[in-house]
Amino acid sequence: MGSTMAVKSTVVGVAAVAALAAGAVLAVAGPGGGRGGALDLDERSLVYVDEAAKRVAQDPGGVSGVECLRSYTAGGTLVCLHAVALPPGFSATVLNDDLEVVREIRLDGTPSRARVSPSGRMAAWTVFRSGDSYLPAGYFSTTATILDTETGTLYGSLEDFTSIVDGKPYAAEDRNYWGVTIAEDDNLFYATMSSKGKTWLMRGDLAARTLTAVRQNAECPSLSPDGTRVAYKVRTGEKWRLHVLDLATGADTPTAETAHVDDQAAWLDDRTIAYSRPGPGGKPAVYAVPADGSGARGWSGRGRPHPRRSRSGSVPVPGQPVDPRRRVDPTAARPDDRAVAGTRAARCTP
């Protein structure tokens, strides 16, 4: 416990760090856990980081004793990226369904985002860092890594994996990785790679330590519960649109959300995608949209909205069916004015 993750990273601009303060955090707790404090990881509900308390909270439920800047829960596992007083810095803490600490790892950077695989075994996070010798003044880089919470294996930076583009190894120094999403088998994963002004959707193999390019112009992937599709962002000029890629056929489907979406979306079920973007007054709000391109965006909140501000963290955990009592009305574009708990209305893009 308490080991330092010291790995290389790559260039991103100054604006990325400013985005950290503006995010929202959303997770949907699913099967695989018991009760721990105010959190019930068996209960399908909204999990977020409370702005006032700066702690993970659940609705329905309450505020727990877990302090996080970024968090994500799935399969009875909660990963929490948080500040450390002495020496000053940040750590990633993995907790079980009773909120007992399983592992703590010192982070070599500022928390950006976190994810957990559907089983709860694999945890992933991205941090911002500075100081690499090739970076221009005022620029930052990112480090993305994956932890096997069962064996304790820390896979280091994704830059240490072999990346393959157009069938050939790709080792450009400016490679940058973020937005990890992990499959049910705890080996397959997807992430974003950027280099030379381009982005790629990368398919990762943990056992082989490889990353293979799937397509260009893809950011912040989120794997569907059935593993057949990836929701991701497509950049058009200065705007990102939310799309869905069929991994078998390569068919790319724009969703009915036409607004700018700067978030790593998540699947509520095999048909519905949730994401955060600004609502009325500029507060982060949770929306949902059909994955097949039909319908319109709808409000994804649970129960009565509360005017609660939250800090940034992560988005809904994939792999669980939508609560039938909480169907999304695609005709009612009502934002949750709660400013939700999930990766970013702050940027998913570094």
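The values are calculated or read from the model by the stated rules, or taken from the named source; none is laboratory data. None of the values given here were measured: they were computed from a predicted structure. Virtual Cβ from ideal backbone geometry, glycine too; neighbours counted across all protein chains shown.
Restricting attention to region 186-198, the residues being at pLDDT 95 or above and within 20 Å of H243 (Cα to Cα) number 3. Restricting attention to region 79-105, the residues that are crowded, with 16+ Cβ neighbours inside 10 Å and without any contact (Cβ under 8 Å) to a residue 40 or more places away in the chain total 4.
Just to be sure before I move on: is A251 under 24 Å from W200 (Cβ atoms) and buried (at least 24 other Cβ atoms within 10 Å of the Cβ) in the structure I sent?
No; evaluated as a whole, the condition is false for this residue.
Just so you know, in region 203-232 the residues that are surrounded by 24 or more Cβ atoms within 10 Å (Cβ to Cβ) and in contact with a helix residue (DSSP H, G or I) (Cβ under 8 Å, 6 or more places away or on another chain) include one that is nearest to I164 (Cα to Cα), and it is L211.
Condition check ((1) among the basic types (K, R); (2) over 15 Å from G204 (Cβ atoms); (3) modelled with pLDDT of 95 or more; (4) within 15 Å of the chain's Cα centre (by Cα)) across all residues:
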{"residue": "V101", "(1), (2), (3), (4)": "no, yes, no, no"}
{"residue": "R106", "(1), (2), (3), (4)": "yes, yes, no, no"}
{"residue": "R115", "(1), (2), (3), (4)": "yes, no, no, yes"}
{"residue": "R121", "(1), (2), (3), (4)": "yes, yes, yes, no"}
{"residue": "I146", "(1), (2), (3), (4)": "no, no, yes, yes"}
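Inspect region 149-160 for any residue being in a strand (DSSP E or B), farther than 21 Å from E67 by Cα and in contact (Cβ under 8 Å) with a residue 12 or more places away in the chain and give the result as yes or no. The answer is yes; a qualifying residue exists.
Among the residues of region 145-168, just one is at positive phi and surrounded by 15 or more Cβ atoms within 10 Å (Cβ to Cβ), namely G156. With the structure loaded, tell me whether R129 is farther than 22 Å from N96 by Cβ, basic (K, R) and modelled with pLDDT under 90 or whether it fails that test. Considered against the rule, which asks whether it is farther than 22 Å from N96 by Cβ, basic (K, R) and modelled with pLDDT under 90, R129 comes out as yes. Restrict the check to region 179-193 and report whether at least one residue is surrounded by fewer than 15 Cβ atoms within 10 Å (Cβ to Cβ), part of a strand (DSSP E or B) and not hydroxyl-bearing (S, T, Y). No, the conditions are met nowhere in region 179-193.
With the condition kept exactly as written, say whether any residue in region 233-253 is among the charged types (D, E, K, R), touching a Leu at 6+ places or on another chain (Cβ under 7 Å) and farther than 25 Å from A74 by Cβ. Yes, some residue in region 233-253 is among the charged types (D, E, K, R), touching a Leu at 6+ places or on another chain (Cβ under 7 Å) and farther than 25 Å from A74 by Cβ.
Here D252, D205, D262 are screened, and the one residue that is at pLDDT 95 or above, more than 25 Å from T153 (Cβ to Cβ), in contact with a strand residue (DSSP E or B) (Cβ under 7 Å, 6 or more places away or on another chain) and not small (G, A, S) is D252. Looking at (1) closer than 30 Å to E100 by Cα; (2) crowded, with 20+ Cβ neighbours inside 10 Å; (3) modelled with pLDDT of 95 or more, find the lone condition where T142 falls short. Every condition holds for T142 apart from (3). The set of residues from region 50-102 being assigned to a loop (DSSP other than H, G, I, E, B), in contact with a strand residue (DSSP E or B) (Cβ under 6 Å, 6 or more places away or on another chain) and among the hydrophobic types (A, V, I, L, M, F, W, C) comprises A53, C68, L69, L99. Kindly list the number of the only condition in (1) among the small types (G, A, S); (2) exposed (fewer than 15 other Cβ atoms within 10 Å of the Cβ); (3) under 15 Å from the mean Cα position of the chain (by Cα) that fails for A172. The failed condition is (3). In the set Y177, Y155, only one residue is touching a helix residue (DSSP H, G or I) at 6+ places or on another chain (Cβ under 8 Å) and among the aromatic types (F, W, Y); that residue is Y177. Checking every residue in region 113-121 against the condition of being in contact with a helix residue (DSSP H, G or I) (Cβ under 8 Å, 6 or more places away or on another chain) and among the basic types (K, R) gives zero matches. Does R297 satisfy being touching a Leu at 6+ places or on another chain (Cβ under 6 Å), farther than 20 Å from R113 by Cα and modelled with pLDDT under 80? Against the criterion (touching a Leu at 6+ places or on another chain (Cβ under 6 Å), farther than 20 Å from R113 by Cα and modelled with pLDDT under 80), R297 does not qualify.
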